[in-house]
Structure formats: structure tokens, C-alpha cells
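Notes to accompany the following structure.
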Amino acid sequence: MKPTLNRMKSLDIFINSLSVDDYKEIKSSLVEDDTLHVNMLSFDLHIQNLEAVVKRSTIQNDLELLKRYAENKNWNEDIETILLKNSFEALILTDLNRNILWVNDGFSKMTGYSKEYALHKSPSFLQGKETSEEIRIRIKEKLKENKPFKEIIINHRKDNTSYKCELHVFPLKNNNKTTHFLALERQIA
């Protein structure tokens, strides 16, 4: 019998430690089990869902913070619906003048810039030589329309590498007057 260690149970290990004579002595008392046994360690179950749990937790944290902003600023938009119905890696909250007031952790992961560095800057600091002037102008025009929009732009990380970024921008309104913008961003292929 050639054992495979990763499939051995305690009894298997014990039996393999016996001498041939000792094994012959107990062999008749051993019963073969035809049932399939599945090893289920709590870690096995947890690790399979860890990414989903972390993502839900992150979205929930972002949502709670944005709900506090929404309450304070009396926004009319349903922030929860916006976050749950749209894919994103990074969130950027700006004032009407496009000064960054808040970014989530995903922003730092995607861009390499710290939250502190991004604050009070315009999101245009992510643009660089590969960013199309035509798209820059189109984004400015769409912001003036005060309607949600999507756009794809070439942004640049802190390490100067470029990436294709899908922006989904939502104007946030108080009494039908835009006061802030929320950008949901994700890197696309």
C-alpha cells in the first residue's frame, strides 16, 4: 500500500506505522467503508467566499460613508442603488468645482495614489499624455449637462503606467440643483 499523504486520515497514518506482523494481527477487525467522506474544514469554506465577503464589506463601508454625506448634503439620489447596480473599483466624490473631497480604498489600489494625495485635487490629475483631448472636452460638456454619463478615458497611475478607465459619473443633487459628483471608476481591458 503506497499512501498519499494528503488523503490519509488518522487511522491510515496509524496503520502505516505498524509492522507487517502487527498489521496482520488487526487486519481482520478493519472494515472497508464505501461512503464518500469529504473533508470540510472551516477555512476551506471561508477561503472560497473570502473575496466576495471582502468585496461586500468594502462596498458596505463605502455605502455607509456616502450615506452620511448624502444625509448631510440632502442629496436626492439613492446612493445605495447607484453602488449596487454599477461595477466599480474606485469611488471619487467631488464638489461642483471638481475638487476631490473623498476617495475610497479602491482608488489607491487602482491608481497608486494615496487618499491624502488625491484630496483637494481635480480628478484630471490622473490624465496624462495618452489622454485624448477630445475625451477631456466631452467629459467637461457632459458634466455641464448634470446628467449621469459613462465615458472611457486613458488615465495614468502614480508609476506613470497608463490604463483604460471606465467612468460612470453621477451628479448629486439637493432640491434638483447639482452640488457634487460621484464617479465610479474601473479599469477595463
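The values are calculated or read from the model by the stated rules, or taken from the named source; none is laboratory data. Everything numeric here is computed off the predicted structure, so don't read it as measured data. As a convention, Cβ positions derive from the backbone with ideal geometry for all residues, glycine included, and neighbour counts pool all protein chains shown.
Taking strands (runs of 3 or more DSSP E) that do not extend beyond region 98-189, which have at least 3 residues that are within 24 Å of Glu64 (Cβ to Cβ) and not small (Gly, Ala, Ser)? Break it down stepwise before answering.
Numbers: elements: 100-103, 149-156, 162-174, 177-188.
In region 98-189, the matching strands (runs of 3 or more DSSP E) lie at 100-103, 162-174, 177-188.
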Odd one out for Glu77 among (1) acidic (Asp, Glu); (2) surrounded by 11 or more Cβ atoms within 10 Å (Cβ to Cβ); (3) more than 21 Å from the chain's Cα centre (by Cα); (4) outside any loop (DSSP other than H, G, I, E, B): (4)
Residues satisfying the stated conditions in region 79-97, i.e. among the charged types (D, E, K, R) and under 18 Å from Glu64 (Cβ atoms): Glu80, Lys85
Residues within region 113-130 that are of a type outside the set (Asp, Glu), surrounded by fewer than 18 Cβ atoms within 10 Å (Cβ to Cβ) and either closer than 19 Å to Arg186 by Cβ or at pLDDT 95 or above (or both), tallied: 11
Failed item, numbered, when Met110 is tested on (1) among the aliphatic types (A, V, I, L, M); (2) surrounded by fewer than 19 Cβ atoms within 10 Å (Cβ to Cβ); (3) in contact (Cβ under 8 Å) with a residue 24 or more places away in the chain: (2)
Of residues in region 133-161 being farther than 15 Å from Arg186 by Cβ and within 20 Å of the chain's Cα centre (by Cα), the one surrounded by the most Cβ atoms within 10 Å (Cβ to Cβ): His156
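Select from region 175-189 the residues that are closer than 18 Å to Asn99 by Cα and of a type outside the set (Lys, Arg) and write down the one among them that is surrounded by the most Cβ atoms within 10 Å (Cβ to Cβ).
If we filter region 175-189 for residues that are closer than 18 Å to Asn99 by Cα, which is where we start, we get 177-185.
So of that shortlist, the ones also of a type outside the set (Lys, Arg) come out as 178-185.
On the way: Thr178: 17, Thr179: 14, His180: 21, Phe181: 21, Leu182: 24, Ala183: 22, Leu184: 22, Glu185: 26.
Among them, the one singled out is Glu185.
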Condition broken by Lys158, with the remaining ones in (1) within 22 Å of Leu101 (Cβ to Cβ); (2) among the charged types (D, E, K, R); (3) without any contact (Cβ under 8 Å) to a residue 12 or more places away in the chain satisfied: (3)
